[in-house]
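Novice: Sharing a structure with you now.
The values are calculated or read from the model by the stated rules, or taken from the named source; none is laboratory data. Being a predicted model, the structure only gives us computed values, none of them experimental. Don't worry about glycine lacking a Cβ; one is built from the backbone with ideal geometry, like all the others, and counts go over all protein chains shown. Accessible surface is based on the protein model in full, side chains and every heavy atom, while ligands, DNA and RNA are left aside. Shrake-Rupley method; radii C 1.70, N 1.55, O 1.52, S 1.80 Å.
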Amino acid sequence: MNAATAVTLSRRIEDAEDVKRLIIEKLKYAVGKDPEHSVRQDWSAALILAVRDQLVDHWMASTRRAYEQDQKRVYYLSMEFLIGRLLKDTIINLGLEAPVREALTELGADYDEILRSEPDAALGNGGLGRLAACFLDSMSTLGIPAHGYGIRYENGLFRQSIHDGWQAEEPEDWLVTGHNWEFERPEVIYNIPFGGEVITTPEGKAVWHPAEVMLAAAYDTPIAGWRGRHVNTLRLWAGKPAKRVDLDRFNRGEYLSAMEAAVRAETVSRILYPDDTTEEGKNLRLRQEFFFTSASLQDLLRRYLSSHDDISKLPEKVAIQLNDTHPAIAVAELMRLLVDTHGLSMEVAFQLTRETLSYTNHTLMPEALERWSLQLFGSVLPRHLDIIRWIDEQHLRTAAAAKRTLDLERVRIVDHTNGQGVRMGHLAFVGSHRVNGVSALHADLMKQTVFQDLDSLYPSRILGVTNGVTPRRWLHSCNKPLSDLLIETIGEDWIGDLEAIEAVAPYAEDAAFRERFRAAKHENKCRLVAEIQSRVGIHVSPDAMFDVQIKRMHEYKRQLLNIMEAVAQYFAIRNDPAADWTPRVKIFGGKAAPGYEMAKLIIKLINDVARAVNSDPVIGDRLKIVFLPNYNVSTAERIIPAADLSEQISTAGMEASGTGNMKLALNGALTIGTLDGANVEICDRVGRENIHIFGLTAEDVANYRISGYDSRAVIDGNETLKTVLDAIGSGVFSPEDPNRFRAIVDRLSYDDYFFVTADFAAYLDEQRKVDRAFMDKEDWTRRTILNTARVGWFSADRAIRDYAREIWNVETPSAKEINQGGE
Ligand code: 26W
């Protein structure tokens, strides 16, 4: 041990006094402010820095342990990490909530206000990004040495506001106030080459001469798991120019063009792509993908080689997970590094690559499967195109040797038919030893549809690993009333081992417990009532059923079906106000990709219907409709605990898994849903009698796609549906612009691709059953308790154990060991 490490540095927090001392110290010496003159921002920065200090010793110990024990490491490559706020979760994971609260009160600062002032890091679009964040939490909790690798976007997902019912987008600037969790690593820098050409030497060696080289710079955020014992790293890359200014140009007086390369380099990490990639953005998107994938692979190879000298043992010590096809270029880039930099043969490099990589697919929608034109690909990554052609040749030989008759054009990575291009899903599949879907149904559908041929060529490569969510954030931290009740009733094992929550099931039969479960829900609802009032000025009653649909706005998720049901219900109430209605508040939240016109029009429809319904004195509390703007991780944390009903109503076969469905059920909401994604498995676990399933199955939908489906006939045969569509189409909700929603009605009448009309009647029937069920308070509560008790399997910890066992081949401690603690 050298002199520096022998010095004892203790900043450990034992009590509120320690917290106070550390906060003041940070305020003065890190933030540079006198407590007298500090504003909320300063307190927040000081608190984050003080809490971050608590992670450092464990972080370093975790790293040391991984090196000393030569543990296998997991690298999770993802274009998106939707981490949200970190402060509250970290404080809770470390068990510091009581002293921190006390210290802040004594210092005259408001704990909850400080928590709210932390920016919500929205480095993702939706479920895929949030899954990556939940997985980081679980990998730390399970003590798996892991790194998340991604992009440090300066602007995350846009901020949504609603003007006159329409979505407006503003840039998100989470970094403006500084990201106090991160450590800049100026010494960790890699060259990222682009463009140029490949020249083959007389000895037959391919040499890439890139046209430009930029830099990737590392920024690390420590990620603590439950109880903070193990701390992993989220390493995000920022684009930097190889040189800030082109001096030749500058000296010639060309000041702006002297900065051009610098601007281009920084652009690569400027903005997160929304999920509707358009042509003009493609070049930048491909560069982003390569940029962060190359930096991550160079970094992990450097780490591996710092303690191993045999590169051929790489798969024994390294597992790399590709989160969708966004980092699929890793297949070619790892080969390039192994061959061009480390001198391996193509054959050996390919074998190592495949043993190291695995790929998670998150969607079967054809328009979402990435494909790059050969022209673009060849101009940005010429060497990779050569490597991919080589892989494709090997792969075609396997295909040709297979006994089955296959359409070889369909299985090729490089598509030579009219579409021409590199199929990234195929590349990821062929370059991985395991390919997983995110629910059981989704994995089956992968085998039957897009990957049918590849599955027959490489049987048993596809498996399903159903998604999961972290119980720390999505119950313990976001729902204190329920978490406290659970801890008092069954102890706290469930926080580190969610399947232990099953112990609460018998209490469903206990009337006193049901009363308390309801009281917890009521408390959460009252909090949301206040938020709705202050943010959108709508008064709602906490006694009404809170019916929640929160997710990206997309036609396949069918927010349209939900609002059409609201219209039907609105008319029914108007017709007979005196009947025994179950009061409901329909709550929507979600962003539409800026270029997705139909999704934006559906937001407008929801708001126009809301305006009519909410202001109609005949309706009163029987029905209210609320669209909460700027849905993000933080708003989800407040809506989910308050929900009674969870809308999971996608067209069957289209939602790969869903994770909001798990969060809502865990927090005591009943699901109304189709047999899609993980809803199928939720149904199996909570029991058919504790969930409201309706509508077409994935098989029905597939059959209709073949036989054809006549929505006109369905509309004509259903009076309610006809009335609803006539009203929407004729401007009942948009008298100032009667044709506003014509496009929606036309779509449903002539090309109802998402089967909204087909499921309408079944959905309405099921909603009326939900109404009746909600009226029976005791039975409703009993069923919600059984939902909470029976969804423990949907923990991200379970999902990560599955990945560890079936894909990564790494060991994990038992649940018992997690709860008993120890290093
Ligand atoms: C720009 C390319 C692109 C395209 C689509 C980026 C991001 C997307 C989506 C937002 C991907 C996504 O979030 N998929 C969701 O992944 C979840 C985690 O597996 C699943 O639970 C959801 O069903 C799936 O829609």
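Novice: Would you compute the Debye intensity of segment 580-693 from its alpha-carbon atoms alone, equal scatterers and no solvent, and pass along log10 I(q)/I(0) at q = 0.12, 0.16, 0.21, 0.24 Å⁻¹ to two decimals?
Specialist: Normalising to I(0) and taking log10 leaves -0.51, -0.89, -1.29, -1.36.
Novice: Is the shape of segment 379-526 best called rounded, prolate or oblate, per the rule: a/c under 1.5 gives rounded, else a/b larger than b/c gives prolate, else oblate, with a ≥ b ≥ c the square roots of the Cα gyration tensor eigenvalues?
Specialist: The shape class here is prolate.
Novice: Ok, one more. What whole-number value in Å² describes the accessible area per residue of segment 7-144 for a 1.4 Å probe?
Specialist: 40 Å²
Novice: For residue 346 and residue 242, what does the FRET efficiency come to when R0 = 30 Å and r is the distance between their Cβ atoms, rounded to the nearest 0.05?
Specialist: Working from the Cβ atoms, E equals 0.55.
Novice: Using the beta-carbon distance between residue 502 and residue 704 and R0 = 45 Å, what value does 1/(1 + (r/R0)^6) give for FRET efficiency, to the nearest 0.05?
Specialist: The computed FRET efficiency comes out at 0.70.
Novice: Let me ask something else about it. Full-extension gain between residue 723 and residue 420, please, as 0.36 nm times their residue separation minus the C-alpha to C-alpha distance.
Specialist: 104.4 nm
Novice: Run lengths n ≥ 4 of DSSP H only: what is the helix-derived mean residue ellipticity at 222 nm for the chain, with -39500 (n - 2.57) per run over all residues, to the nearest 500?
Specialist: Estimated from H runs of four or more residues: -14000 deg cm²/dmol.
Novice: Translational diffusion coefficient, Stokes-Einstein: compute it for segment 471-792 using the Kirkwood radius over C-alpha pairs as Rh, at 20 °C and 1.002 mPa s, and state it as an integer in µm² s⁻¹.
Specialist: 107 µm²/s
Novice: For the chain, with only Lys/Arg (+1) and Asp/Glu (-1) charged at the beta-carbon, what is the dipole magnitude about the Cα centre, in debye rounded to 20?
Specialist: In debye, rounded to 20, the chain gives about 840.
Novice: Do any GluC sites (Glu not before Pro) in segment 703-782 lie in a DSSP loop with no more than 11 other beta carbon atoms within 10 Å, and if so, which?
Specialist: 736
Novice: Would you be so kind as to identify which of 563, 171, 306 lies farthest towards the positive end of the dipole of the chain, taking Lys and Arg as +1 and Asp and Glu as -1 on Cβ and the Cα centre as origin?
Specialist: Checking the options against the dipole of the chain, the answer is 306.
Novice: Over segment 471-792, what is the mean sequence separation of C-alpha contacts under 8 Å (at least six apart), divided by residue count, expressed as relative contact order in percent?
Specialist: It comes to 22 percent, rounded to a whole number.
Novice: Computing the accessible area with a 1.4 Å probe over protein heavy atoms, can you report the carbon and sulfur percentage for segment 471-792?
Specialist: Carbon and sulfur: 51 percent of the exposed surface of segment 471-792.
Novice: Next question. Say R0 is 56 Å: what FRET efficiency, to the nearest 0.05, do residue 816 and residue 197 get from their beta-carbon distance?
Specialist: Working from the Cβ atoms, E equals 0.45.
Novice: Round to a whole number: what % of the accessible area of segment 87-211 belongs to carbon and sulfur, probe 1.4 Å?
Specialist: Carbon and sulfur together cover 50 percent of it.
Novice: Segment 661-763: which trypsin sites (Lys or Arg not before Pro) are DSSP loop and have at most 10 other beta-carbon atoms within 10 angstrom?
Specialist: Taking segment 661-763 and a limit of 10 other Cβ atoms within 10 Å, no loop trypsin sites (Lys or Arg not before Pro) are found.
Novice: Related question: Tell me, what is the percent relative contact order of segment 105-179, built from C-alpha pairs under 8 Å that lie six or more residues apart?
Specialist: 26 percent
Novice: Another one. With a cap of 11 neighbouring Cβ atoms within 10 Å, and only residues DSSP puts in a loop, list the trypsin sites (Lys or Arg not before Pro) found in segment 150-216.
Specialist: The qualifying sites are 205.
Novice: Taking K and R as +1 and D and E as -1, what net charge do the other residues with C-beta under 11 Å from the C-beta of residue 148 add up to?
Specialist: Around residue 148, the charge tally is -2.
Novice: Excluding residues fewer than 8 places away in the same chain, name every one of the lysines whose C-alpha is closer than 23 Å to that of residue 28.
Specialist: Within reach: 20, 88.
Novice: Note down the magnitude of the dipole of segment 471-792 about its Cα centre, charges +1 on Lys and Arg C-beta and -1 on Asp and Glu C-beta and zero elsewhere, to the nearest 20 debye.
Specialist: Dipole about the Cα centre, nearest 20: 920 debye.
Novice: Explain nothing, just compute: Karplus ³J(HN,Hα) = 6.51 cos²θ - 1.76 cosθ + 1.60, θ = phi - 60°, for every residue of segment 538-553 in order, whole Hz, x for Gly and Pro.
Specialist: 10, 8, 10, 8, x, 7, 6, 6, 8, 9, 10, 10, 10, 4, 3, 7
Novice: Cα extents of segment 701-802 along the three principal axes, largest first, in whole Å?
Specialist: Rounded to whole Å, the extents work out to 49, 37, 28 Å.
Novice: Can you give me the accessible area per residue for segment 471-792, using a 1.4 Å probe, in Å²?
Specialist: 34 Å²
Novice: Then there's this: Can you list the lysines whose alpha carbon sits under 25 Å from that of residue 722, skipping same-chain ones fewer than 8 residues off?
Specialist: Reachable lysines: 557, 586, 600, 604, 624, 769.
Novice: Using the Cα gyration tensor of segment 1-133, with a ≥ b ≥ c the square roots of its eigenvalues, what is the shape: rounded (a/c below 1.5), prolate (a/b larger than b/c) or oblate (neither)?
Specialist: oblate
Novice: On to the next question. Working out 0.36 nm times the residue gap between residue 771 and residue 448, then minus their Cα-Cα distance, what length gain in nm do you get to one decimal?
Specialist: Between residue 771 and residue 448, full extension yields an extra 112.5 nm.
Novice: Could you grab the relative contact order for the chain? Cα pairs under 8 Å, six or more apart, rounded to a whole percent.
Specialist: 13 percent
Novice: Once you place label points 7 Å from the Cα toward the Cβ at residue 249 and residue 368, how far apart are they in nm?
Specialist: Those two pseudo-labels are separated by 3.9 nm.
Novice: Any idea how far apart residue 761 and residue 164 come out in nm if each label point goes 7 Å out from Cα toward Cβ?
Specialist: It works out to 4.0 nm between the two label points.
Novice: So what's the net charge close to residue 12: Lys and Arg +1, Asp and Glu -1, counting the other residues with Cβ under 12 Å from its Cβ?
Specialist: -3
Novice: Using amide H atoms built 1.01 Å from N in the peptide plane, name the residues 5+ places from residue 434, or on other chains, whose amide H lies under 5 Å from its own.
Specialist: Answer set, sorted by chain and number: 359.
Novice: So for the chain: antiparallel DSSP bridges make up what percent, rounded to the nearest 5?
Specialist: DSSP beta bridges in the chain are roughly 45 percent antiparallel.
Novice: Label-point separation (nm) for residue 638 and residue 98, each offset 7 Å from Cα along Cα-to-Cβ?
Specialist: Result: 2.8 nm between the two label points.
Novice: With every protein chain left in place, what is the accessible area per residue of segment 230-362 in square angstrom, probe 1.4 Å?
Specialist: In whole numbers, segment 230-362 has 38 Å² accessible per residue.
Novice: Using the Cα gyration tensor of the chain, with a ≥ b ≥ c the square roots of its eigenvalues, what is the shape: rounded (a/c below 1.5), prolate (a/b larger than b/c) or oblate (neither)?
Specialist: Oblate, because a/c is 1.5 or more while a/b does not exceed b/c.
Novice: OK, next. Spelling out what I want: for every residue of segment 600-610, take phi, set θ = phi - 60°, compute 6.51 cos²θ - 1.76 cosθ + 1.60 (Karplus), and round to whole Hz; glycine and proline get x.
Specialist: 3J(HN,Hα) across segment 600-610, in whole Hz: 6, 5, 5, 4, 4, 4, 4, 6, 5, 5, 4.
Novice: Kirkwood Rh over Cα pairs of segment 252-388 into Stokes-Einstein at 37 °C, 0.692 mPa s: D in µm²/s?
Specialist: Rounded to a whole number, D works out at 196 µm²/s.
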